[in-house]
Structures are given as C-alpha cells and as structure tokens.
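See structure below.
Rule-based calculations on the coordinates, nothing more; no lab input. All of these numbers come straight from a predicted model, not from anything done at the bench. Positions of Cβ are backbone-derived with ideal geometry, glycine not excepted, and every protein chain shown enters the neighbour counts.
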C-alpha cells in the first residue's frame, strides 16, 4: 500500500524540526575552479567561450584600454594677465594711456564675472581678503621650499608649479627670508574655465605682490652662486593662484608666475666647477746603482 510513497514515522523525525532549514544549509555544494581551464580554452568554440563568460559574470575584452584620470590642476594659465610696461600707468590724455584704460575696463568686467562665478562655490570669497590669504600661501610655499618639506609644498603649489620650483634647487642650499610688504597685495585678474564638462570648473586669480626679500643660493660645496643673505631687494611679482572649484576639498595653490616680455633678464647665477688637479710629468730617473763586487769571504765560500 505504501510503495513509492515516503512515510515519516515517529522515530524518523528529528527531535528539533524548527532548525530544519539551518541543517539543510549546513552542507552546501561548492563549484571548485578548474585550474586547467587555460589549457582547454583553445579547444572551445566562440559560442562556448561566450556562454562560459556569461556564466562567470566576466565582461568581454575591449580593443582599447581605459585608465582613470584625475585632473587636479590645469596645464597652463588661461587668458594670462599682461602687466603694463614698467608696472605703471600712462596718462589718460595720451594714445597709449587711453588704450590702456579701455583694456583695463574690458578685463575688469570679465574679472567681475569670474569673481561672481567663484562666489557661487565660495560664499565668503572676496578679492580684498583673498589677497592677504594668497600672501600667506606664498610665504608658506617658499619656506617649505627652503626647508625641502615637499609634503607641505604640494599643499601650496600645483602639479605644474612643483617641478618648476624644485628642479634647479635639488643640489643647492637656499636661504630665503620675507622682510615686509612695500605695498598691500591686490587681485588684478580673475578667470574661470571648465574642462571636459560644464561642471568641472577651475578658477585662476592673479595677485600682485610688491615685497622686500632676501635670497641666497649655495651650491653643494657651500659656495654662493646667487643673491645675498644681507642685501635686501624689492620684488614685484604677479603670481597666479588656482583652485579646483568643483572639488569640495580643493585648495588655493600657486600655479605659475607671470613674467612679462618687457622685464629685463635676471642676473644669471655663478657657476662653480671642480678644480682639476695639476698633472705633474715624471722625469725618467737614471740608474745610479753600483754593481756589487764580491768580497774575499764570499769568493772563498763560492
């Protein structure tokens, strides 16, 4: 009567039926990998390879390689600021002064639009207060360069500016000191641009510094090759600061310095060389040895 029908008697049931599911999950079937699959893959057809890749969740290979790219800084200064010749202003009555005034107004309107764009990301941004902040970044970066603290220097300069500042000073000792500001720093130029898409926005602000500094550079032998630690010089610089506005953790960093064409060439550093040892020509020495004559005792022994 009970042929082919599973009958569960009292003595065949488990004493704790509440944990039947856990007992079933205690033993699971695991599909072990086939370590010889690479040997047999050449024998498979394209349809078999495709079905196996779908089974394993592997995407088909592409004919090109994609690598992640992080753009943390731009590669140049877009719309660089052109300082007026001599760093002064011509009279507005002259032709050059009128032209300079028109250019100043057109550039100022673009700078105001750029400042408005920066304020859409930073509510507290102000050109007057940013100039003081830029001067602190400027001093901090140069102190880190003198002490060769590259971790701090990376926080103050961009990836474009870092090799320009450190390349020629790897084997040198630098002494730099900021004495005072002859004129308060001021923002003279501001621009914004987008890269790749409209949301990825970078901003560049040019700040004018008129300061008094001392700079001395020594080579690896301790010889002075440029500047002086005693003589102070008045320096006028136009420094470009950049920030990745789309990055919520972005920082204002030094990007580049603008050197106008009318500026005179900088005094080159003095080069030092290893002094060669003088070569002394050795003269041939005449043979002055006297042949030894055998004594009577040595002759007798012989």
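How much length, in nm to one decimal, is gained on full extension between residue 38 and residue 24, taken as 0.36 nm per residue of separation minus their Cα-Cα distance? Mind dumping the intermediate values first?
On the way: separation 14, 0.36 × 14 = 5.04 nm, distance 3.48 nm.
Stretched out fully, the residue 38 to residue 24 stretch lengthens by 1.6 nm.
Using a simple spin-label model with points 7 Å from Cα along the Cα→Cβ vector, what separation in nm is obtained for residue 56 and residue 200?
Modelled inter-label distance: 3.4 nm.
Considering only C-alpha atoms, what is the centroid distance from region 21-52 to region 109-157, in Å?
That distance is 58 Å.
Which order do 39, 149 fall in if you start with the one that has the fewest other Cβ atoms within 10 Å?
Numbers: 39 9, 149 14.
In order of increasing Cβ crowding within 10 Å: 39, 149.
At a Förster radius of 22 Å, what calculated FRET efficiency corresponds to the Cβ-Cβ distance of residue 72 and residue 166, to the nearest 0.05? All intermediate terms of the calculation are to be shown ahead of the outcome.
Details: r = 18 Å, r/R0 = 0.80.
According to the calculation, E is roughly 0.80.
For a bin width of 5 Å, list the pair-distance distribution of region 91-258 built from all Cα-Cα distances, rounded to whole %.
2, 8, 14, 17, 18, 14, 10, 8, 6, 2, 0, 0
Report the full-extension gain for the segment residue 257 to residue 223: residue separation times 0.36 nm, less the Cα-Cα distance, to one decimal in nm. Before the final figure, lay out each step's value.
Working: separation 34, 0.36 × 34 = 12.24 nm, distance 2.77 nm.
Contour length minus the Cα-Cα distance gives 9.5 nm.
Give the residues of region 217-234 whose amide nitrogen is closer than 16 Å to a point set 7 Å from the Cα of residue 173 in the direction of its Cβ.
217-230
Multiply the residue gap between residue 47 and residue 159 by 0.36 nm, knock off their C-alpha separation, and tell me the result in nm, one decimal place.
On the way: separation 112, 0.36 × 112 = 40.32 nm, distance 4.87 nm.
Here the answer is 35.4 nm.
Could I have the simple spin-label model distance between residue 249 and residue 139, label points 7 Å from Cα toward Cβ, reported in nm to one decimal?
2.8 nm
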